[in-house]
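Here is the structure we will look at.
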Amino acid sequence: MPGAVPTRPRYIRQELRDGRTLVYKLKPSLYGLSQSPALWNDTLDKSLTVFGWKSTQSDPCVYMYASGNIIVILTVYVDDVLITRGGQQLMDQKKEELTDRFEMTDMGEVKRILGIDVERDNEQETLAISQEHYVNTLLDTERKFPRINLRIKC
C-alpha cells in the first residue's frame, strides 16, 4: 500500500571518534523516509477533519473552522502551522485540541514565517508583510558571486 510505514525495523549506525560504534533504531515514518511527508500530511489532515476543520478548495494546506460568525484559519507548510483568529476564545480552544493530539510549541505572535517578515499594528488595524531580509540576502550573494556574462558566437 503506498504511503504505508515500513514494517521491518530500520537502523542507522554512527561511528564515534573514539572508535566506538552506536546503532539507533529509527521510529517508523521519520528521518527521511520517502513516504514520511505524505504520512505526516495524511495524519494531520485526518486529525484536523475530526476536529471540524475544513480544507479550502483553493489551497489544501489552508483550513478553516467556523463557529457562528467567528472564523479561525490554519495554514500548514510541512510541519509549520500558523493559526489566525477571529476570536481569541475559539482560537485557544482549537489550539488546545491540537496540542492535546500533537507535540507543539506556541511561538507567540508571528514575526517571521517562511522568510516573510510580518508586522501588525493593532491600533491602526494594519498588517504589513515584507521580504526585505530575503532580498538583502540575494543582493549580498550577488555581490559576492557576480555573474559573468559570456557571449557565444555561432
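Can D79 be described as over 19 Å from E119 (Cα atoms) and within 18 Å of the chain's Cα centre (by Cα)? Yes, satisfied.
Note on segment 79-111: residues that are in contact with a helix residue (DSSP H, G or I) (Cβ under 8 Å, 6 or more places away or on another chain) and more than 21 Å from F51 (Cβ to Cβ) amount to 0.
Residues that are surrounded by 13 or more Cβ atoms within 10 Å (Cβ to Cβ), at pLDDT 90 or above, hydroxyl-bearing (S, T, Y) and more than 30 Å from P37 (Cα to Cα) do not occur anywhere in segment 112-131. Could you list, in sequence order, all residues of segment 133-147 that are within 21 Å of the chain's Cα centre (by Cα) and either modelled with pLDDT of 90 or more or hydroxyl-bearing (S, T, Y) (or both)? The answer is Y134, and nothing else.
The values are calculated or read from the model by the stated rules, or taken from the named source; none is laboratory data. Predicted model, so just to flag it, every value in this text is computed and none were measured. Quick reminder, even Gly has a Cβ in these numbers, built from the backbone with ideal geometry, and neighbours come from all protein chains shown.
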